[in-house]
Each structure stands twice: as structure tokens, then as C-alpha cells.
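**Q** Here it is, the structure, as C-alpha cells.
Bear in mind that the values in this text are calculations on the coordinates, not laboratory data. The structure presented is a predicted model; accordingly, all values stated were derived computationally and were not measured.
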Amino acid sequence: MTERGLVVLKEIYLLLTDTHSLLSRFIKLFNRQKFNHISVSLDEDLAELYSFGRKKPTNPFNGGFINEDVTTPFYRNADCKIYRCEVTDDQYASLIKAIAAFQSEQDAYHYNLLGLATAFFGIDWNRKHHYFCSEFVSCVLHAGTILESEEPDSLTRPQDIIQHLAVHPVYEGILGEYPGIGVHRLMLKHTLEHTVI
């Protein structure tokens with residue numbers, strides 16, 4: 001948390017990733033960008049990290065709203081860029097409220113795979129309860145009055161969000177080597193994965 005004049009600012013984090021998955025490579029054919037997945041985090045160690053993606057790492061066809069766990073093998077080996085963005089208390093509260101609305105009905109939401117194709121052709125298609133990652137992040141950032149871009153959520157790419165915000169680069173490299181995750185979280189995850197019950 002930082003102070004600027006009398007306004008106390010909070011921090012949120014934006015995570016761009018390339019997991020090298022088949023879906024990531026498919027999206028790259030359309031997007032022509034290295035990083036094709038974006039998530040928004042409410043904390044520096046990425047514990048409260050939200051996006052739209054696969055609900056189970058082994059099943060790319062079951063997607064929707066997720067609280068991503070960057071300590072799993074699926075994310076640990078991903079290439080990433082992490083950015084910090086300062087927001088006001090009101091913006092932070094509005095962002096939390098927007099995310100909570102998705103969380104409260106998460107079973108109703110699905111990954112918007114068809115929307116990726118229409119976005120490539122510049123077609124603004126708002127499918128009810130369907131989002132892809134940058135569409136979701138754009139939506140909640142707009143709800144928090146953090147993102148002021150006039151681009152429709154359904155046409156927003158990860159790099160568009162970064163370009164329209166006053167962000168500060170935090171880290172670039174292998175996600176599992178990001179110091180902000182915290183050694184204690186990785187050690188706990190490793191212990192739980194290898195515990196025999």
C-alpha cells in the first residue's frame with residue numbers, strides 16, 4: 001500500500017502467462033502475441049488470483065471462472081510477466097464486489113471459446129455467462145472504474161488491458177521462480193502433493 005498526497009492507494013496485480021498448452025498455442029495463431037492469458041490478483045503473492053480458464057489442468061474443455069493456483073505444475077513452468085497497478089480504496093472495493101459476483105455463481109459461467117473466434121474478426125458478441133480470460137479481466141476492471149478503455153470487453157486482448165493502465169513491471173520469467181509467491185507456499189504445496197493418506 002502506498003500513499004499519494006491524502007489518497008491511500010492499494011495495489012492489484014496483473015499476471016500474463018504462456019503455459020505452452022495446446023489452447024495457448026491455438027490462441028497464439030489468432031493473437032500473434034507471446035502471452036495470451038491474463039489474470040487479476042488482489043495480492044502480491046498471487047494467492048487471490050482470478051480469471052477464466054480450465055477448471056482442471058488435465059481437461060482443457062471444462063473451463064469457466066477460476067481462482068488460479070500458481071503453485072501447481074501446470075502454472076509453475078509457465079513463462080510470465082507480472083505488473084502492479086495502484087488503485088484507490090473505492091476502486092479496490094468495487095473490483096472485489098465484481099469478482100465476488102462471479103464467484104457466487106461460478107457454476108453458471110463457462111469459457112467463451114466461440115467468443116475468441118468472433119473477437120479475431122472484430123465482432124462484439126456478448127454471450128451470457130460466457131467469458132474468456134481478457135474479457136473477464138476487462139469486465140471486472142471496468143466495473144471497478146480502473147480500466148477506462150472504450151473497447152468492448154468481448155474484443156479486449158490481454159495486451160490491450162496492459163496498454164490502457166498505468167502499470168509497473170514487477171517480474172518476468174518462469175512463474176514458479178517468482179519470489180513473490182513465497183517459499184512457504186511452494187513448500188506447503190509440495191508437502192501436500194506428496195502426503196500419503
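**Q** Take the residue pairs Lys56/Lys81; Lys10/Lys97; Lys55/Lys81; Lys10/Lys128 and return only those whose Cα atoms are more than 27 Å apart.
**A** Lys10/Lys128
**Q** Another question, then. Roughly speaking, what is the centre-to-centre gap between region 45-68 and region 102-123 when only Cα atoms are used, to the nearest Å?
**A** Cα centroid of region 45-68 versus Cα centroid of region 102-123: 13 Å apart.
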